[in-house]
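Taking it in order: structure first as structure tokens, then the write-up.
Coordinate-derived values only; no laboratory data. Keep in mind it's a predicted model, so treat the numbers as computed, not measured. Neighbour counts are summed over all protein chains in view; Cβ atoms, including those assigned to glycine, are modelled from backbone coordinates with ideal geometry.
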Amino acid sequence: MGIFTHSTVSRKPNESMRLIVTTFVGIVFGFFIGLSFPTLSLTKLNLSSRVLTTIDFKYTEYKKSGPSSSSSVPPSIGNNGSSVNVTSKIWVPSNPRGAERLPPGIVRAESDLYLRRLWGKPSEDLTSTPKYLVTFTVGYDQRKNIDAAVKKFSENFTILLFHYDGRTTEWDEFEWSKQAIHVSVRRQTKWWYAKRFLHPDIVAPYDYIFIWDEDLGVEHFNAEKYIKLVRKHGLEISQPGLEPNKQLTWQMTKRRDDCEVHKETEERPGWCNRPHLPPCAAFVEIMAPVFSRDAWRCVWHMIQNDLVHGWGLDLALRKCVEPAHEKIGVVDSQWIVHQSLPSLGSQGEAQNGKAPWQGVRERCKKEWTIFQTRFSRAERSYFKEINSTFHRTTN
């Protein structure tokens, strides 16, 4: 009993001191909490206000045409106490196909071929933005010819080379090649490349697109002067005049000495059904065509994915501009020479005892027939459907 009593009495002062210290610490801690709490609340409130003011959370949801929302977020309270509707889905039918789930402000439907850096600010990447695009479908054996041609195009042009022989790095012997764009796929034609790499939304920044062969002599050609004449005469589809020689196929593309531009000609008897139709008007060849941005958007869609040589395409280009006999023409004062080098023919294969070039030539002729048949059938089908619809609605 004596030991118990002594221990109880001796602990009382220690417990009292501990209680006093705990109380004091609690008061001090509470004091600081009290000071910081209003500031914390105001900070949160101001942050919420700024977010609600800066960001619009009211996404539009098209329940009829878009996917149904399986879950939704409860409405939030705005600055003035009003309810701000918030949904968990975005569906914008006016966006490009496949991008309906994106907010319109982030959609970038078009691109370009401008080269960009791997460092620095994106806004400072481009020191210049060329207004025109020129493409050549090339083999390394024609490098001197292409070097001469590229030098006829100013810094206003983006240079794009399509390599059908797979040789690209050797072109670095030319300084301009280091800034050019190189696309290499073996044994393909320029229309194969054009269909796959020149989509209208990719080349949208360019006012004019040159899609040229590699065997063109350009001694009497200046690209900037050519563009001025195209604008002056309102040409949507054009080509430079060709120096007359034995290789000339059409009278329309023959260079004239008495004018800057011509839009019609006289052909051999029976070749033209009407004066405003090809090949007497509304016609250029496919060796060196130049397209405006708007015309190219139409022509690209007309190029058939499986017909790679483009034969017959030149006779149908008139479908993409109106009136075609006024907006398609040949620029005489800026002219070129068609050297007729059979370089692409050598990329074929010998079959059934025929030389490689013979097989390529036969394929060209077949494609011409196929294209004409497809186009005429497509037009007949369209007009048949239109007439049928008209009769149904009027009866």
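Tell me the net charge near Ile303. Cut-off is 13 Å between Cβ atoms, Ile303 excluded, with +1 for each Lys or Arg and -1 for each Asp or Glu. Neighbour charge sum, excluding Ile303 itself: +3. Within the same chain, aspartates and glutamates fewer than 8 places from Lys263 are excluded, and of the rest, those with a Cα less than 20 Å from its Cα are Glu236, Glu243, Glu285, Asp294, Asp314, Glu322, Glu326, Asp332.
Here Lys232 is the anchor, and the aspartates and glutamates within straight C-alpha reach of less than 12 Å, apart from those fewer than 8 places off in the same chain, are Glu260. Taking 7 Å steps out from each Cα toward its Cβ at Arg97 and Arg392 produces label points 2.2 nm apart. Under the shape rule built on the C-alpha gyration tensor, where the axes satisfy a ≥ b ≥ c, segment 196-338 is rounded, since a/c falls short of 1.5. Listed by chain and number, the aspartates and glutamates whose alpha-carbon sits under 14 Å from that of Lys195, ignoring those within fewer than 8 places in the same chain, are Asp306. Restricting the chymotrypsin sites (Phe, Trp or Tyr not before Pro) of segment 91-144 to loop positions (DSSP other than H, G, I, E, B) with no more than 16 neighbouring Cβ atoms within 10 Å leaves Tyr114, Trp119.
Ordered by the count of other Cβ atoms within 10 Å of each Cβ, fewest first, Asp112, Asp201 give Asp201, Asp112. With a/c under 1.5 counting as rounded, go ahead and sort segment 128-378 into rounded, prolate or oblate using the C-alpha gyration tensor (a ≥ b ≥ c being the square roots of the eigenvalues; past the cut-off, prolate if a/b is larger than b/c, else oblate). Rounded, because the longest to shortest axis ratio a/c is under 1.5. Pairs over the 32 Å Cα-Cα cut-off, from the set Lys319/Lys366; Lys254/Lys319; Lys89/Lys190; Lys152/Lys327; Lys190/Lys354; Lys151/Lys366: Lys89/Lys190; Lys151/Lys366.
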